[in-house]
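Okay, so here's the structure we're looking at.
The values are calculated or read from the model by the stated rules, or taken from the named source; none is laboratory data. Since we're looking at a predicted model, the values are computed, not measured. Cβ atoms come from the backbone with ideal geometry, glycine included; neighbour counts cover every protein chain shown.
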Amino acid sequence: MAEGQCNCGAVGFEFEISADLEGVIVCHCSICRRATGTNGMAVVLADNNAFRWLRGEELVTTWKKPGADWECWFCPTCGSPVPGTNDPARMFIPAGTISEGGDSLEVIHHIFVDSRAGWDTICDAGKQHREAFEG
Ligand SMILES: [Zn+2]
Ligand SMILES: [Zn+2]
């Protein structure tokens, strides 16, 4: 089991990373860049039944971008991104929120590489996808 929390600690969770995608996926799209203020969003995926809120689920706030299939989930007190719905079967967990159980993780996929920022140089062995994740 891995554990994570937001910066203020109000929201906490534990999870097991999906066996079929056991690594970090980095999205370089412009929406993720604005959401984090960095080069994108690094996440891991967990099956719904392998994820549990430890505290603060009721605090989690969401914002859906109009016209886009994209929603951000965050702690309203400290602003940290927190886990949210990735697809009907899985949750995404922002990789930077992991406090325990993430030491051996490596980046395995980069998505929306074609729209990354000009200053964003990819230097690891993760597989690069020009747009969305193909599976
Ligand atoms: Zn917080
Ligand atoms: Zn993105």
Subset of the range 6-37 that is modelled with pLDDT of 95 or more and over 25 Å from Asp69 (Cα atoms) - its residue that is farthest from ligand 1 (Cβ to nearest atom): Glu16
Number of the exception - Ala19 against (1) touching a residue at least 24 places away in the same chain (Cβ under 8 Å); (2) more than 27 Å from Ala117 (Cα to Cα): (1)
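Among the residues of the range 88-130, what is the count of those that are of a type in the set (A, V, I, L, M, F, W, C), part of a loop (DSSP other than H, G, I, E, B) and closer than 25 Å to Thr61 by Cα?
Let us first name the residues in the range 88-130 that are of a type in the set (A, V, I, L, M, F, W, C), namely 89, 91-93, 95, 98, 105, 107-108, 111-113, 117, 119, 122-123, 125.
From what is left, the residues that are part of a loop (DSSP other than H, G, I, E, B) are 89, 105, 112, 117, 119, 122-123, 125.
Retained after the next criterion (residues that are closer than 25 Å to Thr61 by Cα): 89.
Qualifying residue count, the range 88-130: 1.
Mind listing just one residue for me: the one in the range 38-55 that is touching a Phe, Trp or Tyr at 6+ places or on another chain (Cβ under 7 Å), more than 16 Å from ligand 1 (Cβ to nearest atom) and not small (Gly, Ala, Ser) and, of those, farthest from Gly126 (Cα to Cα)?
Kept after step one, since they are touching a Phe, Trp or Tyr at 6+ places or on another chain (Cβ under 7 Å), are these residues of the range 38-55: 43, 45-46, 50-54.
Now drop any that are not more than 16 Å from ligand 1 (Cβ to nearest atom), which leaves 43, 45-46, 50-52.
So of that shortlist, the ones also not small (Gly, Ala, Ser) come out as 43, 45, 51-52.
Values: Val43: 13, Leu45: 16, Phe51: 25, Arg52: 28 Å.
Applying the filter and picking the extreme gives Arg52.
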Condition broken by Ser104, with the remaining ones in (1) closer than 19 Å to Met1 by Cβ; (2) buried (at least 16 other Cβ atoms within 10 Å of the Cβ) satisfied: (2)
Residues satisfying the stated conditions in the range 68-87, i.e. modelled with pLDDT of 95 or more and in a loop (DSSP other than H, G, I, E, B): Cys75, Pro76, Thr77, Cys78, Gly79, Ser80, Val82, Pro83
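Could you please find all residues in the range 73-85 being on the phi < 0 side of the Ramachandran plot and more than 9 Å from the chain's Cα centre (by Cα)? Working first, answer last.
So the first thing to find is which residues in the range 73-85 are on the phi < 0 side of the Ramachandran plot, and the list is 73-78, 80-85.
Passing the criteria: Trp73, Phe74, Cys75, Pro76, Thr77, Cys78, Ser80, Thr85.
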Cross-chain or 6+ apart pairs with Cβ under 8 Å, the range 35-47 first and over 12 Å from Val82 (Cα atoms) and of a type outside the set (Ser, Thr, Tyr), then within 9 Å of ligand 2 (Cβ to nearest atom) and not in a strand (DSSP E or B): Asn39/His28; Asn39/Arg33; Gly40/His28; Gly40/Cys29; Gly40/Cys32; Gly40/Arg33; Gly40/Phe112
